[in-house]
Amino acid sequence: MISQAALIEFDLLMKARGLTSSERRKVWNVLYKLISIEDIELLTPLDILVASYLVDMYKFDYFGSLIATQCIVGSAEPLTTDKEIIGVVLKARHVIHDLKRMGIVF
């Protein structure tokens, strides 16, 4: 699965590195042909809730927290070389239980 957050972050990185709208459209046209909707892990309100907790708890960046959260919520292993995401996923498997205990998630 590919995180919806990863796709958004990728587009923002392309833009920040100076790719024009036309160049970005060419990239997305190729990816559109390669990635089906069934391969995308959509963000949910629960994902964003848990990600905001990870940002506070681990001083984690926005997009990394969303990707880590999707792994935690979905009980999945992250397929990444980002050691910070891997580390947070391993450390934070308990986060849903913690949020339930605090009455934040029911």
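For this structure, a couple of remarks:
- Residues that are in a helix (DSSP H, G or I) and over 11 Å from the mean Cα position of the chain (by Cα), drawn from the stretch 31-49: 31, 32, 33, 34, 37, 38, 39, 45, 46, 49
- Yes/no for residue 61 being among the acidic types (Asp, Glu), at pLDDT below 95 and loosely packed, with under 12 Cβ neighbours inside 10 Å: no
- Considering the stretch 64-101, the residues that are free of Cβ contacts under 8 Å to residues at least 12 places away in the same chain and buried (at least 16 other Cβ atoms within 10 Å of the Cβ) include one that is nearest to residue 4 (Cα to Cα), namely 78.
- Breaking point among (1) assigned to a loop (DSSP other than H, G, I, E, B); (2) modelled with pLDDT of 95 or more; (3) of a type in the set (Gly, Ala, Ser), for residue 68: (1)
- Residue list for the stretch 80-93, filter: part of a loop (DSSP other than H, G, I, E, B) and touching a helix residue (DSSP H, G or I) at 6+ places or on another chain (Cβ under 9 Å): 80, 82, 92, 93
- Test: residue in the stretch 6-22 that is exposed (fewer than 12 other Cβ atoms within 10 Å of the Cβ), part of a helix (DSSP H, G or I), more than 17 Å from the chain's Cα centre (by Cα) and of a type outside the set (A, V, I, L, M, F, W, C): yes
The values are calculated or read from the model by the stated rules, or taken from the named source; none is laboratory data. As the structure is a computational prediction, the values presented were derived from the model and not from experiment. Methodologically, a virtual Cβ is constructed for each residue, glycine included, from the backbone with ideal geometry; neighbour enumeration extends over all protein chains shown.
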